[in-house]
Amino acid sequence: MKEFQYIYPKNSKSVPLILGEYDGKALLYAGGTDALVRMKEGINRPEQVVNLQAIKALNSIKEDSDGLHIGATTPLVDIVNSKVTQKYGGLSRAVETVGTIQLRNMGTLGGNLCQRPRCWYFRSRRFPCIRKGGDVCFAVSGDNKYHAILGGSTCYIVYPSDVAPMLITLQAKVEILGPKGTRMVPLEEFYILPEKDATRETILKQDEIVTKVFVPNSAKQVKSMYLKFRERDSFDFAMVSVAVSAKISNNKLLDLKIAMGGVAPIPWRAKKAEKILNGNTVSDDLLKKAGEAEMEDAESLDQNEYKITLTKNLLKRAVSGLLSS
């Protein structure tokens, strides 16, 4: 690991200025569960590491009449244990599925939403893949069991966050701080597909940070659920995950929102399935039709065709589970 300088900013407003001053040579650090691994793997070789842990204002869980406000450096375990966040349906459940208790003790909400992909070609120094500025996605003809079936185009990573799909269905927003101040962005618009920029996952500029996640009060008025399929139940990332939220009336789903993980380079909004299911009486045939419609544009690689069937089944289980909860 390359030698680096530690910087401990005392307030969040100074962080964009520091990032701008060091012009891409600085790395943000909070819980370190992803940043430290990237440094060890040689993906990031920063000259400065900006540790956010001293900024107390970024570590908080508060609720007001508008909704829920969670600071970016709030440990995931605090979100799971908070009585306040448990009012927001599937949010606590989604956070609880992240890694192990040890990782949730260290990992932060902002870090989870901004983590880099776990693709082994991206994580290896030996492969100058397109996400690292090269011109090849090695997964296309390589080991692609866990890679994308939707939205891949030039790069077939899958976005690894468990929390993002659930927050998207709850219409959460992120607060972004830059040199000129803050802006609020719907979390669904925070992520970008490879066709727009294959080297990054979010809209964050080099001198911007996420400071807060906001979940509107309306999220307490809907039912929500998160299901995750993984090879090892103890700590694996999702092979496929499904987050669902809706109001329920007479076996009908109203204002239905579905977001999926493990299938695309971003948390994937299942709009085709939503259109078929929303406002209609749910049946097995309708659930089957919704799953098939959502997967009609799926393009599997050599080793991940199973994800198409898995996604259909998990979507059906998630919606059925929401109705029976």
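Each value in this text was obtained by applying a stated rule to the coordinates, not by laboratory testing. This structure is a prediction, so every number in the text was calculated from the model and none was measured. Here the Cβ positions follow ideal geometry from the backbone for every residue, glycine too, while neighbour counts run over all protein chains shown.
Brief remarks follow.
- Three semi-axes of the equivalent ellipsoid, region 80-141, Cα gyration tensor, whole Å, largest first: 34, 12, 10
- Relative to its residue count, region 144-190 spans a Cα convex hull of 111 Å³ per residue.
- The chain: C-alpha pair distances exceeding 32 Å, %: 27
- Taken along its three principal axes, the alpha carbon spread of region 103-248 comes to 47, 42, 31 Å, from the longest extent down to the shortest.
- Helix-derived mean residue ellipticity, 222 nm - over the chain, DSSP H n ≥ 4, -39500 (n - 2.57), to 500: -7500 deg cm²/dmol
- Charge dipole of the chain (Cα centre as origin; +1 on each Lys and Arg Cβ, -1 on each Asp and Glu Cβ, all else neutral): 540 debye, rounded to the nearest 20.
- GNM flexibility winner over the chain from Ile176, Ile79, Ile18 (Cα, springs under 10 Å): Ile18
- Range of Cα positions in region 171-325 per principal axis (Å), largest first: 52, 42, 32
- Gap separating the Cα centres of region 14-89 and region 167-228, nearest whole Å: 14
- Selected from Leu28, Tyr146, Gln48, residue furthest toward positive end of dipole (region 23-159; charges at beta carbon): Tyr146
- Loop-exposed trypsin sites (Lys or Arg not before Pro) per DSSP, neighbour cap 12 Cβ within 10 angstrom, longest uninterrupted part of the chain: 233-325
- Summarising the strand pairing of the chain, around 80 percent of its internal DSSP beta bridges are antiparallel.
- For region 28-164, Kirkwood radius (reciprocal of mean inverse C-alpha pair distance, Å): 16.6
- Extending 7 Å from the Cα toward the beta-carbon at both Ala54 and Glu292 defines two label points whose distance is 6.1 nm.
- Convex hull of region 248-325 built on C-alpha atoms - directionally averaged projected area, nm²: 5.1
- Along its first, second and third principal axes, ordered by size, region 1-86 spans 45, 26, 17 Å in Cα coordinates.
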